[in-house]
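Here the structure is laid out as structure tokens; the discussion comes afterwards.
The values are calculated or read from the model by the stated rules, or taken from the named source; none is laboratory data. Here the structure is a predicted model, which means the values were calculated and not measured. As a convention, Cβ positions derive from the backbone with ideal geometry for all residues, glycine included, and neighbour counts pool all protein chains shown.
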């Protein structure tokens with residue numbers, strides 16, 4: 001059996017006879033038979049002349065075919081079989097003819113594959129179809145064999161052969177691409193064709209790698225070098241093309257996807273340092289990968305916008321895996337060709353920012369939170385690694401890196417189909433969210449960065465504060481505490497990294513320059529860093545910082561008008577006191593003692609009183625003091641208060657030292673923070689209030705007495721036992737007369753009304769005799785009428801809250817008497833005209849149920865978040881000191897100036913601001929009720945917005 005399969009060695013004349021017969025035959029079947037006979041002979045592959053004759057004859061036969069049938073397929077198959085014989089030896093004596101034949105055969109296969117697949121009529125013979133794809137498989141295998149042989153031999157130096165090789169590879173790549181593209185349509189043979197095509201690509205990649213190994217680095221311009229670079233460039237471009245095709249195939253060509261892009265990265269890596277980068281546009285390859293990222297995420301975003309059920313985490317990860325693959329390959333290419341990456345750094349960084357923004361927007365939708373978490377796990381780290389490939393490259397100059405950072409944190413308009421087409425979560429400028437997330441990641445990556453990059457990042461710290469006041473960021477921080485905490489954590493990490501370097505000077509300047517930042521969230525960021533620094537500094541450093549802050553505080557007490565300075569939240573005295581208190585609250589007992597001892601040991605008693613009062617008004621933590629010091633400090637607050645009360649009637653004694661009424665302000669602040677308690681069995685506080693009211697009237701409404709009145713009401717509201725005293729009726733009558741006598745009086749006392757609301761809420765502890773002749777009863781509901789009619793958002797809120805507290809405790813059964821028909825909360829928000837009792841009852845029910853402990857906070861949905869965005873925009877404009885624009889003066893025909901016209905939008909905007917601020921305050925209160933750790937933010941927030949609303953009110957008065 002073995003002898004029957006052995007090939008017979010022919011004579012030269014026999015081979016020539018067969019070739020002559022093949023050329024003379026006009027019948028396809030006869031040619032096929034003769035070529036088959038030739039293939040059964042033991043051909044001498046080392047005989048260059050014989051091989052050239054045979055291959056030339058076979059090439060000519062292939063040229064003659066212009067149509068396709070079964071017989072021709074059989075002939076082609078026989079030709080390829082004979083031609084492949086000459087690849088079984090490494091002696092490539094007839095390479096020119098072999099390449100020429102292969103090129104023509106490849107072109108023929110491409111042509112007839114298209115014809116075969118286009119023929120869909122029933123007359124198509126199944127045998128013909130199968131035979132053709134057998135020929136195609138043979139051709140692909142033959143091409144892979146040719147490439148394999150080439151890789152085992154030195155690169156040719158013959159120009160003609162170089163051209164043949166390049167042409168052959170080009171046509172082979174075209175056939176391979178077409179075969180892969182048509183795999184779905186090639187029915188039974190599809191898997192085999194795909195496998196054979198991948199073998200061709202894999203062999204070609206190996207050929208390019210082997211060629212690179214013989215390149216001489218010093219030889220840049222020879223024909224041989226150009227030949228190698230030309231082949232490699234052609235291969236990489238084809239692989240990129242296939243990689244894009246495979247990526248868009250819907251997952252059917254995963255193996256091709258992996259092979260093509262890995263091949264691209266491998267070849268670019270091994271050819272690093274050669275002239276390849278000069279001969280091809282590598283930056284375009286990077287952009288192709290970025291485009292694939294965009295396409296995949298856009299498709300995902302468009303699909304997820306329509307979901308009605310939560311997206312499965314596994315499904316999200318399945319979508320993100322190929323995206324991660326694209327990003328990883330882009331990062332690998334950039335690591336080898338950073339200069340090419342820099343050419344497209346805007347597109348790269350824009351993609352990264354958009355990915356991070358996409359993650360944030362997904363997290364805002366309940367159905368998409370799993371997708372957001374999956375993106376954070378799969379894509380965010382890889383995206384940051386992609387950026388670091390540029391920023392950490394030793395091949396890029398410092399100026400280039402600085403340019404990248406400047407672009408990253410510039411004002412970028414929303415691109416990439418409104419953040420990957422997730423229109424259900426798009427905002428005015430959502431990319432600013434991604435920029436913040438990117439900056440946070442850069443801060444975290446600081447330990448792995450060079451000092452020059454750390455310095456540039458330190459210079460961008462101010463950018464964080466500038467962008468925090470952006471309405472989108474502001475609203476996101478209020479609705480997502482994690483975002484705020486991530487910013488703080490990243491900046492603390494960066495602080496530690498640069499603390500022992502020369503960059504610390506830049507960071508320290510940032511802390512000092514923003515100690516008094518006007519925006520409360522920015523101030524929160526800066527103070528968190530101050531607290532962290534002081535808390536973890538060495539003892540000497542910490543003490544030095546505290547001493548310097550205290551000395552600065554003492555200096556501020558020398559202002560020309562300390563009384564105004566201490567009562568105005570915006571003064572340096574109060575701002576510095578607030579910052580010191582914040583630092584002390586986060587520190588140890590020894591730190592609190594150090595500040596307190598500095599204050600009471602000051603050489604000027606006036607300075608001591610001013611500093612102590614200012615600190616208490618900003619929440620100085622008396623409870624943080626050590627045991628004995630704490631007791632003395634609390635006793636001092638109470639003692640000085642009663643000393644002031646006892647000497648109040650003596651005008652000269654009351655004003656002789658420090659700020660008039662300072663002990664009242666101090667006690668009021670300490671009581672509000674629940675750091676002290678007080679018992680007033682002699683009713684001194686009630687008598688003080690009555691005296692203040694009388695002095696206020698007699699002094700032509702002196703603002704000093706107005707301030708005292710407000711703080712004394714606050715103190716009174718904490719002493720529930722005083723409400724049952726006989727003197728209480730006199731006080732209530734005085735207050736009702738003072739606040740309701742006329743509108744001008746009520747307006748002048750507007751700053752007292754918040755504490756008045758706290759006072760009247762305590763009226764629920766009084767046993768009322770409900771008659772139309774009871775003065776105390778009538779005066780009480782008169783005060784409630786006045787408060788509930790207030791249209792100021794804060795006073796409306798405080799009024800209804802006070803009424804709820806009162807209603808939950810009073811014995812009065814006729815509560816309707818306390819509600820005026822024109823209560824502010826009875827009016828609709830749109831027109832502000834239509835009053836409806838049901839509206840008031842709705843608001844009152846919420847407040848009343850809250851007092852009973854059954855209040856349930858509503859969820860923060862899109863509507864609430866949208867309101868926060870709008871109010872964030874208002875805050876930003878105020879912080880930036882921008883004025884609302886008005887039209888220029890117009891001149892009529894007579895040359896007379898017309899009155900300036902205010903834009904219609906301004907009127908509407910001011911009205912919305914008035915309504916919107918109330919929504920924010922309610923939101924903060926909800927945070928407090930849910931026990932979020934935002935106590936400091938809330939206090940500042942409410943205080944700040946109280947002033948904001950005053951400004952908006954004045955603005956409205958001048959416009960409406």
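Within the option set 273, 263, 250, 295, being out of contact with any strand residue (DSSP E or B) (no Cβ under 6 Å at 6 or more places or on another chain), crowded, with 23+ Cβ neighbours inside 10 Å and either on the phi > 0 side of the Ramachandran plot or assigned to a helix (DSSP H, G or I) (or both) holds for one residue only, 263.
Hey, among the residues in the stretch 7-39 that are part of a loop (DSSP other than H, G, I, E, B) and at pLDDT below 75, which one's surrounded by the fewest Cβ atoms within 10 Å (Cβ to Cβ)? Once the filter is applied, the top-ranked residue is 26. On the basis of being modelled with pLDDT under 95 and closer than 23 Å to residue 520 by Cα, does residue 448 make the cut? Taking the combined requirement at face value, the residue does not satisfy it.
Yes or no, residue by residue, for (1) crowded, with 22+ Cβ neighbours inside 10 Å; (2) on the phi < 0 side of the Ramachandran plot; (3) part of a helix (DSSP H, G or I); (4) in contact (Cβ under 8 Å) with a residue 60 or more places away in the chain:
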residue: 341; (1), (2), (3), (4): yes, yes, yes, no
residue: 353; (1), (2), (3), (4): yes, yes, yes, yes
residue: 357; (1), (2), (3), (4): yes, yes, yes, yes
residue: 370; (1), (2), (3), (4): no, yes, yes, yes
residue: 387; (1), (2), (3), (4): yes, yes, yes, no
residue: 393; (1), (2), (3), (4): no, yes, no, no
residue: 400; (1), (2), (3), (4): no, yes, yes, no
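Selection within the stretch 234-247: residues that are surrounded by 17 or more Cβ atoms within 10 Å (Cβ to Cβ) and free of Cβ contacts under 8 Å to residues at least 60 places away in the same chain. The member of this set that is nearest to residue 297 (Cα to Cα) is 244. Elements of the type helices (runs of 4 or more DSSP H) sitting completely within the stretch 124-225 and holding at least 3 residues that are modelled with pLDDT of 85 or more and within 45 Å of the chain's Cα centre (by Cα): these cover 159-181, 190-212.
Would you confirm, using the coordinates I've provided, whether residue 4 is modelled with pLDDT under 75, part of a helix (DSSP H, G or I) and surrounded by fewer than 19 Cβ atoms within 10 Å (Cβ to Cβ)? Against the criterion (modelled with pLDDT under 75, part of a helix (DSSP H, G or I) and surrounded by fewer than 19 Cβ atoms within 10 Å (Cβ to Cβ)), residue 4 qualifies.
Among the residues examined, residue 205 does not qualify as without any contact (Cβ under 8 Å) to a residue 60 or more places away in the chain and closer than 26 Å to residue 143 by Cα.
When the criteria are applied in full, residue 278 fails the requirement of being crowded, with 17+ Cβ neighbours inside 10 Å and either at pLDDT below 90 or farther than 25 Å from residue 291 by Cβ (or both).
Being farther than 18 Å from residue 762 by Cβ, out of contact with any strand residue (DSSP E or B) (no Cβ under 8 Å at 6 or more places or on another chain) and either modelled with pLDDT under 90 or surrounded by fewer than 17 Cβ atoms within 10 Å (Cβ to Cβ) (or both) is a condition met by at least one residue of the stretch 718-740. Beta carbons closer than 8 Å, at least 6 apart along the sequence or on distinct chains, pair a first residue in the stretch 522-536 that is without any contact (Cβ under 8 Å) to a residue 40 or more places away in the chain with a second that is surrounded by fewer than 21 Cβ atoms within 10 Å (Cβ to Cβ) for 533/511; 533/545. Picking from residues in the stretch 359-368 that are in a helix (DSSP H, G or I) and within 12 Å of the chain's Cα centre (by Cα), the one that is surrounded by the most Cβ atoms within 10 Å (Cβ to Cβ) is 362. Could you check, for the stretch 499-506, whether at least one of its residues is within 26 Å of the chain's Cα centre (by Cα), at pLDDT 90 or above, in a helix (DSSP H, G or I) and farther than 30 Å from residue 363 by Cβ? Among the residues of the stretch 499-506, at least one is within 26 Å of the chain's Cα centre (by Cα), at pLDDT 90 or above, in a helix (DSSP H, G or I) and farther than 30 Å from residue 363 by Cβ, which makes the answer yes. Within the stretch 791-818, the set of residues being in a loop (DSSP other than H, G, I, E, B) and either crowded, with 21+ Cβ neighbours inside 10 Å or modelled with pLDDT under 85 (or both) comprises 791, 792, 812, 813, 814.
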